[in-house]
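The structure appears below as structure tokens.
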Amino acid sequence: MRFENIRNLREDHDKLQIELAAYLNVKQTTYSKYELGKINIPVEVLIKLSDFYDVSLDYLVGRSKVKKIADAE
């Protein structure tokens, strides 16, 4: 599965793969494989990316077009 929103968010925030890889404590090649869908992204990494970009996990993986879930009241 290819995660286009992960790549798009990175580019929208003017970040390089090497920067996100360092944040996630993985190699740049590993991060590239995440974006291309060549390897599965661990849940812990998805959560860190979701927190980093302040978006929902569903948006991050392409299950929703809504970036944020409204805060629970």
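General observations
- Candidates in region 1-17 are the residues that are loosely packed, with under 13 Cβ neighbours inside 10 Å and of a type in the set (A, V, I, L, M); of these, the one that is modelled with the highest pLDDT is Leu16.
- Search result, residues across region 14-73 that are within 15 Å of Phe3 (Cα to Cα), touching a Phe, Trp or Tyr at 6+ places or on another chain (Cβ under 8 Å) and among the aliphatic types (A, V, I, L, M): Leu20, Ile41, Val45, Leu60, Val61
- Residues in region 20-56 that are touching a Lys or Arg at 6+ places or on another chain (Cβ under 8 Å) and not hydroxyl-bearing (Ser, Thr, Tyr): Leu20, Ala21, Leu24, Glu35, Leu36, Gly37, Ile39, Asp54, Val55.
The values are calculated or read from the model by the stated rules, or taken from the named source; none is laboratory data. All of these numbers come straight from a predicted model, not from anything done at the bench. Glycine also receives a Cβ, built like all others from the backbone with ideal geometry; neighbour counts cover every protein chain displayed.
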